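What follows is a set of notes on a single structure, which appears directly below.
The values are calculated or read from the model by the stated rules, or taken from the named source; none is laboratory data. This structure is a prediction, so every number in the text was calculated from the model and none was measured. Glycine gets a Cβ as well: all are built from the backbone with ideal geometry, and neighbour counts include every protein chain shown.
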Amino acid sequence: MSGQPLVMGVVNVTPDSFSDGGRYDDPERAIAHARQLLAQGADILDVGGESTRPGATRPLLAEELGRVVPVIEALAADGALVSVDTMRSEVAARAIEAGAQIVNDVSGGLADPAILDVVAGAGVTYVAMHWRAHSDRMQQFTSYADGGGVVATVRAELAERVDAIRAAGIADDRIVLDPGLGFAKLPHHNWELLRGLDALADLGFPLLVGASRKTFLGRLLEGPDGEPRPVAEREAAGVALSALLAVGVGAAPVWCLRVHDVRAHRDALAVAAQWSRQNADRAATGKERA
């Protein structure tokens, strides 16, 4: 993979998401917000109607459909590249009918295996995230000692999902993998995964990374009282991380970054691109002199 990562803008149509729950839970507000993200440079809009923050309970199927379908219809009509963030086959099917071209499934098909058949039948792109349990109990599954550490374990468990995805008939060029930062992982696990992205990239698929505003960044920036930095004050750390990932510092470059503040991360990618160009020019000049 070459070039800059794509930017996926988060559109939470939920009352309880960890970052901006309730701000865009009305379809009209969500559509307006998504259009702002497009104007700021989002390549993809990821529309979700179920919060996956730690401890979250699941909405009813009808609630999730009512949240995401009108938003996807409007954005697809605008010509936007839309992803639906769902674990449910029924929601994936309706979202694809509404115009979604990507299904972003945080469970990688484990929550609802029928979602793989829906994606295969539609021929859309499928993002499979590393996942171990639903949000209300996922932090009970944060041990990776038996699998040789978090990087080796996540790689092996994603490889198992790839086998299931392929068996359902989804083509390799439609598969994207996500290490699942923050899902059944302690803060140090997330940093180890970020440093070990090359091992996940060796599976042969593009990588999507969603670090934006997550707890491990809050813990990195915790105050003297030991409390994590509030969600709204973690953006700068995430932007710095995006710049590092864009130039492949310590890890494989990523295909896409899933972020909340598109403009800020676009700025980081511009800096990373200029940095890479300067390094390339310097290397070329050195060869000419040699």
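Results, tabulated for the structure shown:
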| quantity | calculated |
| --- | --- |
| VAL262 closer than 28 Å to ASP173 by Cβ and under 14 Å from the mean Cα position of the chain (by Cα) | yes |
| Selection from the stretch 141-177 of residues that are in a helix (DSSP H, G or I) and either at pLDDT below 95 or in contact with a Pro (Cβ under 7 Å, 6 or more places away or on another chain) (or both) | ALA145, ASP146, GLY147, VAL154 |
